[in-house]
Amino acid sequence: MQRRSFLQQTTSCSAYLSTLSAFGLGEMLAADVKRPVVAQTPFARLEEIAPGVWAAVSTHFESNDFTLLCNSGIIQGDDRVMVLEGTMSTKGAQWLSEQAKKLTGKAPTDLVISHFHGDHTNGHSGYPNPRTWITAATKAGAEERFATSDPVIPNFPDVETLSESEPTVVDLGNRLVTLVPRKGHTSSDVTIEISDPNVIWTGDLYFNRVFPNYGDSTPPLLNQFGETLDELNDSTIVVPGHGSVADQSDIQVYRAFLAELETAAKEAHASGEEAVAAAAQYTLPDPFAEWVIWAPDNIERAFKAWYRTLG
Ligand SMILES: [Zn+2]
């Protein structure tokens with residue numbers, strides 16, 4: 001594999017973003033497209049999951065274009081249209097708005113954001129003032145960063161605060177969307193779920209064949225969410241925060257990864273070795289060796305997160 005250019009970013013989620021210009025990678029991820037693609041740009045493709053339901057998959061690993069950066073989606077009801085995630089840039093949100101308009105005849109009326117990291121929030125003002133469904137922790141975390149961004153990013157204009165203990169059901173008109181509060185990737189995550197068909201957008205509680213971002217994570221809770229994914233109905237379509245749209249076979253591989261990493265971190269911790277040194281010596285075994293490592297300290301963040309938990 002040919003490696004790799006690093007780009008300094010100012011988001012709290014990612015001190016560095018790297019792109020594998022690796023060959024084979026673009027082809028590997030592109031081979032995952034199993035559904036009709038209704039729009040394609042260098043930075044994303046929009047896949048039709050079902051009538052009125054679309055998943056936007058960021059293709060920055062292939063193109064180096066960080067316009068969207070996180071995965072997203074569009075959910076259409078009879079009365080309202082919901083878009084998912086603020087995305088990395090206003091350009092990304094504007095693109096999603098245009099797609100929503102083209103596909104549904106309506107601009108987005110509702111926005112839901114899974115957590116506070118920059119790639120999921122920074123572009124929110126590119127939407128035409130939707131009602132924004134967000135937890136208080138996500139709002140506070142994002143707006144604290146917005147204030148010190150250059151240029152300053154506007155606060156969320158029209159907020160519906162989500163409960164952090166109970167799911168919230170949003171009725172878009174003959175389409176119910178359930179926003180489920182969770183924890184693991186950050187201290188306040190939200191998954192976006194619909195039935196008929198069963199689809200779950202996981203936010204960054206799950207990455208598909210991309211090394212997870214452990215920076216703000218609590219690994220046992222991340223593992224618990226892995227179990228939740230495993231228990232889903234086999235027909236459930238899983239849209240990860242990053243990487244291709246997944247099914248149950250992908251979830252099995254992911255759970256094996258979580259177990260592998262847990263074992264490695266716990267063994268290192270028990271031996272008395274420092275997290276940084278242990279991470280430096282660690283190499284991912286097959287089949288995870290092929291996964292996208294998008295920052296030089298991905299593994300180090302994971303070991304540090306486990307060490308925080310282990311004490
Ligand atoms: Zn993300």
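The values are calculated or read from the model by the stated rules, or taken from the named source; none is laboratory data. These figures come from a predicted structure and were not determined experimentally. For the accessible areas, the whole protein counts, side chains as well, though only heavy atoms, and no ligand, DNA or RNA atoms are used. Shrake-Rupley method; radii C 1.70, N 1.55, O 1.52, S 1.80 Å.
Amide H contacts of I113 (H built 1.01 Å from N, in plane; Pro and chain starts excluded): E85, W133 sit under 5 Å, all sequence-distant by 5 or more or on other chains.
Regarding the range 102-141, what's the average projected area of the Cα-atom convex hull, expressed in nm²? Averaged projected area of the range 102-141's Cα convex hull equals 3.1 nm².
Sorted largest first by accessible area at a 1.4 angstrom probe radius, with every protein chain in place, the residues I293, I192 fall in the order I293, I192.
What ranking of T191, T109, T161 comes out by heavy-atom accessible area, probe 1.4 Å, highest first?
T161, T109, T191
Amide hydrogen proximity for R182: with H placed 1.01 Å from N in the peptide plane, the residues at 5 or more positions away or on another chain lying under 5 Å are D189, V190, T191. Computed over the chain, relative contact order equals 14 percent, with contacts defined as Cα pairs under 8 Å that lie 6+ residues apart. Backbone geometry of the range 57-69 corresponds, through the Karplus equation with coefficients 6.51, -1.76 and 1.60 at θ = phi - 60°, to 3J(HN,Hα) couplings of 10, 5, 10, 5, 5, 7, 10, 6, 9, 9, 4, 9, 6 Hz, x marking Gly and Pro. May I ask you to give the percent of accessible area on the chain that is carbon plus sulfur, with a probe radius of 1.4 Å? The value for the chain is 50 percent carbon and sulfur by accessible area.
For the range 46-130, the convex hull spanned by the alpha carbon atoms encloses 81 Å³ per residue. Less than 5 angstrom separates the built amide H of A44 from those of T59, all sequence-distant by 5 or more or on a different chain.
Here is how the number arises for the chain: DSSP H runs of 4 or more residues each give -39500 (n - 2.57), the sum is divided by the residue count, and the result at 222 nm is -9500 deg cm²/dmol. Rounded to two decimals, the Cα radius of gyration of the range 5-310 over 2.2 N^0.38 Å is 0.95.
Eigen-decomposition of the gyration tensor built on the alpha-carbon atoms of the range 272-311 gives equivalent ellipsoid semi-axes of 19, 11, 9 angstrom, largest listed first. Phi angles of the range 266-278 translate, via the Karplus equation with coefficients 6.51, -1.76, 1.60 and θ = phi - 60°, into HN-Hα couplings of 5, 5, 5, 4, 5, 7, x, 6, 5, 4, 5, 5, 5 Hz per residue; Gly and Pro are given as x.
I'd like the antiparallel share, as a percent to the nearest 5, of DSSP beta bridges with both residues in the range 114-264. Percent antiparallel among DSSP bridges in the range 114-264 is about 60. Largest to smallest in accessible area, the residues D79, D216 fall in the order D79, D216 (1.4 Å probe, all protein chains included).
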